[in-house]
Amino acid sequence: MMDEVIFYDTLRQGLWASVIMSTPILAAALIAGLIVGLFQALTSIQEMTLTFVPKLGVMVGVFWISMAFMTETLTGYFQGVVLPLIAGG
C-alpha cells in the first residue's frame, strides 16, 4: 500500500506540473484579453466575438509554440515521480 505522505506528495507534484504547463497559455490569454479590452474601451466597440476570437487564436498559437516545453515537463514528472512509484521505489 502507498503511504499517505507519498500519495499527497505525488499529488502535489502533479498539480505543480500542471500549473507550470498551463502558465504560458493562461498568461497569453490574459495579455490578449487586456489588449482587446483596451481596444474595445478606446473605440467603444462592444462585440462579444471580438474578445473570443483573438484570445482563442493567441492561445492556440502559444500552445503550438510551447508543446515541446509541456511535453518535457510532463515526461519529467512521469519519469521522476510516477515511474519510480510503479517500480516500487
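The values are calculated or read from the model by the stated rules, or taken from the named source; none is laboratory data. Every value quoted in this text rests on a predicted model; they were computed, and no experiment measured them. Remember, those area values only see protein heavy atoms, side chains included, never the ligands or the DNA or RNA. Shrake-Rupley method; radii C 1.70, N 1.55, O 1.52, S 1.80 Å.
Helix 4-43 and the longest principal axis of the C-alpha atoms of the chain enclose an angle of approximately 10°.
Angle of helix 48-65 to the longest C-alpha principal axis of the chain, folded into 0 to 90 degrees and rounded to 10: 40°. To the nearest 10, the accessible area of Glu47 is 100 Å² with a 1.4 Å probe.
Per DSSP H run of n ≥ 4, the term is -39500 (n - 2.57); total these for the chain, divide by its residue number, and report the mean residue ellipticity at 222 nm rounded to 500 deg cm²/dmol. The helix contribution divided over the chain gives -28500 deg cm²/dmol.
Among Val53, Val62, Val19, the sequence by solvent-accessible area, most first, with a 1.4 Å probe is Val53, Val19, Val62. The heavy atoms of Leu11 offer some 80 square angstrom of accessible surface to a 1.4 angstrom probe. Where (i) 1.22; (ii) 1.00; (iii) 1.04 are the candidate values, the label of the one calculated here for Rg/Rh (Cα atoms, Kirkwood Rh) is (i).
Only protein heavy atoms count here; on that basis, with a 1.4 Å probe, Asp9 has an accessible area of about 60 Å². The relative contact order of the chain comes to 41 percent, based on Cα pairs under 8 Å that sit 6 or more residues apart.
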